[in-house]
1. If you check every pair at least six apart or on different chains, which have Cβ atoms under 6 Å apart with a residue in the stretch 70-81 that is closer than 16 Å to Leu39 by Cα and in contact (Cβ under 8 Å) with a residue 40 or more places away in the chain first and a residue that is outside any strand (DSSP E or B) and not acidic (Asp, Glu) second?
2. One residue is enough: does the stretch 97-112 have a residue meeting the conditions farther than 26 Å from Lys155 by Cα and either in the same structural domain as Gly50 (by TED's automatic domain parsing) or out of contact with any strand residue (DSSP E or B) (no Cβ under 8 Å at 6 or more places or on another chain) (or both)?
3. Among all residue pairs at least 6 apart or on different chains, which show Cβ distances below 8 Å where the first residue, located in the stretch 193-215, is farther than 20 Å from Gln234 by Cβ and the second is in a loop (DSSP other than H, G, I, E, B) and basic (Lys, Arg)?
4. (1) buried (at least 18 other Cβ atoms within 10 Å of the Cβ); (2) at pLDDT below 90; (3) of a type outside the set (Val, Ile, Thr): which one isn't true of Tyr149, the others all being true?
5. What is the residue count in the stretch 171-192 for residues that are of a type in the set (Lys, Arg) and either without any contact (Cβ under 8 Å) to a residue 24 or more places away in the chain or at positive phi (or both)?
6. Looking at Cys203, Cys246, Cys240, can you tell me which residue is farther than 30 Å from Tyr276 by Cβ, surrounded by fewer than 14 Cβ atoms within 10 Å (Cβ to Cβ) and not polar (S, T, N, Q)?
Amino acid sequence: MEEIQDTKSSCSSCSSGCGKLDVFDWLEDLPESVSSTDLVEIQFKNTRKGYYKNNNTVKFVKGDVVAVEASPGHDIGVITLTGELVLLQMKKNNLSLTNYDFKRVYRKAKPTDLEKWQEGKDMEHETMLEARRIAERLKLNMKIGDVEYQGDRTKAIFYYIADERVDFRELIKVLADQFKVRIEMRQIGARQEAGRIGGIGPCGRELCCSTWITNFVSVTTNAARYQEISLNPQKLAGQCGKLKCCLNFELDAYVDAQQDFPDTKFVLETQDGRYYHFKTDIFKRVMWYSTEKDYPAGVLEVSVDRVIEVIRENKKNNKVERLVMEDLTAKPKEVGYSNVMGEDSLTRFDESKPVKRKPNNKNKKRRFKPNAKKDDTNKGAK
């Protein structure tokens, strides 16, 4: 039992991204929720999950390490969800209860199962490096990104990325002879590889794909255009070489804000001349227009409502007198921070020392002291 508890703690705190699919069980306090179904959700290495049937009378709880049915042999995983919430998760993932191939949960993992499982984990990194060397010798245009051993070490899954189709039949034969296990090859994308490896993004935080993103949505350059971001490939690309997933995070807010914005291709006609669109501040609802099409010259700041009004007049073949009716350049003075109470003073917590008052000598009587001046005056008088 001690070894099983150690396995739970190490799995929940590992840095391989296996905890990013954790689901909060908000129905665990209800006794009828646990007994409502015999289905359990089990998670394996990284983001691999599956749904299994508990045909035994054993009651499993979240965090139990169990042995489950696999082909061939058995696999070892951790129960991440039980009860009615499993059905909701399957519905969320568009999995049908009638068509899904449910496999069985055999038992709780024994100490011998855990030892073999840990040995397989320790072998994965060296197996991956050796598989890369073999693929390089066979001159295959592919990259093996990760290896996952099955719980009983009778099967190994090799995850790889490739730009084109690869004939790896010879590679499978060599790997099977080398490692004496059944080989399965799974192709993944560049985003999935970055999520499995992990890293630090340009924002200074851990990659979103390795911490919480589970479904990778396609990202296009239109997301950058809607947000008025410069189309610089070096700035827009993430560590996977693809467009950053965070370009989609605020896209909906920008699209909603631009619903009533006019077309930037429309040229504004005034009595002073023609004005071409230069740039836009979406949330301030301000657009800048230039008198030249290819470079900024005589740039004017115009509100969106004024641009819509000018376009409406131009469609009637009317040229407005001037583009800017209101003075947007005279901006109100911004109120900054002022240190009123002295919060920034480093000595504000020091004890104030009492000020010593100087003695007032005006009211004191002068004492008579014989001095030389008096004697000199007396001598002069004589």
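The values are calculated or read from the model by the stated rules, or taken from the named source; none is laboratory data. Quick caveat: nothing in here was measured; it's all calculated off a predicted structure. As a convention, Cβ positions derive from the backbone with ideal geometry for all residues, glycine included, and neighbour counts pool all protein chains shown.
1. Short answer, once both residue conditions are applied: Gly77/Phe44; Val78/Cys11; Leu81/Val23.
2. Taking every residue of the stretch 97-112 in turn, at least one turns out to be farther than 26 Å from Lys155 by Cα and either in the same structural domain as Gly50 (by TED's automatic domain parsing) or out of contact with any strand residue (DSSP E or B) (no Cβ under 8 Å at 6 or more places or on another chain) (or both).
3. Ser210/Lys20; Thr211/Lys20; Trp212/Lys20; Ile213/Lys20; Thr214/Lys20
4. (2)
5. Total meeting the criteria: 2.
6. Residue meeting the stated conditions: Cys203.
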